[in-house]
1. Under 9 Å between Cβ atoms, which residue pairs at least 6 apart in sequence (or on different chains) link something in region 104-125 that is in a helix (DSSP H, G or I) with a partner that is buried (at least 18 other Cβ atoms within 10 Å of the Cβ) and of a type in the set (Phe, Trp, Tyr)?
2. Pairs, please: C-beta under 7 Å, at least 6 apart or cross-chain, first residue under 16 Å from CYS23 (Cβ atoms) and in region 140-159, second polar (S, T, N, Q) and assigned to a helix (DSSP H, G or I)?
3. Can you pull out every residue in region 22-50 that is in contact (Cβ under 8 Å) with a residue 60 or more places away in the chain, in contact with a helix residue (DSSP H, G or I) (Cβ under 6 Å, 6 or more places away or on another chain) and in a strand (DSSP E or B)?
4. Being touching a Lys or Arg at 6+ places or on another chain (Cβ under 6 Å) and open to solvent by 20 Å² or more (accessible area, probe 1.4 Å) is the filter here; which residues of region 82-114 pass it?
5. Output the number of residues of region 19-54 satisfying the condition of being more than 12 Å from the chain's Cα centre (by Cα) and among the small types (Gly, Ala, Ser).
6. Kindly indicate which of GLN166, GLN155 is open to solvent by 50 Å² or more (accessible area, probe 1.4 Å), touching an Asp or Glu at 6+ places or on another chain (Cβ under 9 Å) and of a type outside the set (Phe, Trp, Tyr).
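The values are calculated or read from the model by the stated rules, or taken from the named source; none is laboratory data. Please read these numbers as outputs of a predicted model, since none were measured by experiment. Reconstructed Cβ throughout: ideal geometry from the backbone, glycine too, with neighbour counts over all protein chains shown. When the accessible area is computed, the model is the full protein with side chains, heavy atoms only, and any ligands, DNA or RNA have been set aside. Shrake-Rupley method; radii C 1.70, N 1.55, O 1.52, S 1.80 Å.
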Amino acid sequence: MSTRQVAGVVEAVGHTVAARGMCCVYGDTGLGKTVAVEQALHLLPGRVPVWRAVAGVAPGLPQLRASLCEAFGLQSGALPHRGGPASQALMRALAEPGVLFLDDAQRLTPPLLDYLRQLWDAPGCAAALVLCGAGSERALARAPALRSRVLTWHQIGRLEASGVRQTLSLFHPVWAQADPNDLARVDEQMARGNFRTWAKITSHVYAARERDPARCVDRELIEQACARLGPYT
């Protein structure tokens with residue numbers, strides 16, 4: 001992630017947590033949303049509890065409750081499958097100031113998003129909520145009651161061509177001596193500002209250097225790394 005993009009997410013998440021509100025971080029697949037949010041959470045004051053959950057594929061309400069209970073350390077016996085007791089336990093947990101980071105929020109249906117709204121509308125709720133995922137903003141559009149409660153919306157964009165070299169240098173030292181022209185060409189033809197694609201290229205370049213430490217990160221090596229991304233990139 002570029003420092004500019006991370007800084008934007010850090011500001012958005014920090015403000016939301018301080019206000020005990022809700023935040024939605026969205027953008028296309030592979031742009032580094034989760035990485036940026038995790039960095040923002042890492043930079044919060046150490047006394048702020050952070051709970052993490054991931055929405056499963058096509059989850060139902062019991063699955064969502066189970067994920068939330070596990071995130072809060074409430075996973076015990078049949079609790080997540082008992083709607084009333086599980087919800088009461090979650091409401092008690094949310095009375096503590098902190099932040100719940102729920103990734104892949106685009107998988108949640110309107111009824112599940114409304115369940116989150118009910119938890120956060122409960123008297124005494126003191127926690128912030130950060131929702132993240134490609135298409136999460138569209139999912140929230142189908143749940144207007146929760147959408148209206150979102151304090152901060154933050155969109156992650158593609159890496160700007162002018163910032164690719166700096167971003168890659170910060171991401172991994174293997175790029176320190178690479179020719180900026182080679183990086184610009186690969187970004188234009190292959191990566192197209194997608195952080196996940198650059199992470200894959202980095203992995204293959206690093207592996208090649210591990211096999212031959214004397215080898216330079218030149219155009220030939222980068223092209224070989226890109227060839228490993230497959231025919232659908």
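1. That search, which allows pairs on different chains as well, returns ALA105/TYR26; GLN106/TYR26.
2. Here the result reads LEU151/THR16; THR152/THR16; ILE156/GLN5, each pair linking region 140-159 to a residue that is polar (S, T, N, Q) and assigned to a helix (DSSP H, G or I).
3. If the condition is that a residue be in contact (Cβ under 8 Å) with a residue 60 or more places away in the chain, in contact with a helix residue (DSSP H, G or I) (Cβ under 6 Å, 6 or more places away or on another chain) and in a strand (DSSP E or B), then CYS23, CYS24, VAL25, TYR26 are the ones that fit.
4. Within region 82-114, PRO110 is the sole residue that qualifies.
5. Of the residues in that region, 3 qualify.
6. Checking each option against the conditions leaves just GLN155.
Residue by residue, here is whether (1) more than 19 Å from the chain's Cα centre (by Cα); (2) at pLDDT below 95; (3) open to solvent by less than 10 Å² (accessible area, probe 1.4 Å) holds:
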position	(1), (2), (3)
LEU116	no, no, yes
ASP121	yes, no, no
CYS125	yes, no, no
VAL130	no, no, yes
GLU137	no, no, no
LEU140	no, no, yes
PRO144	yes, no, no
VAL150	no, no, no
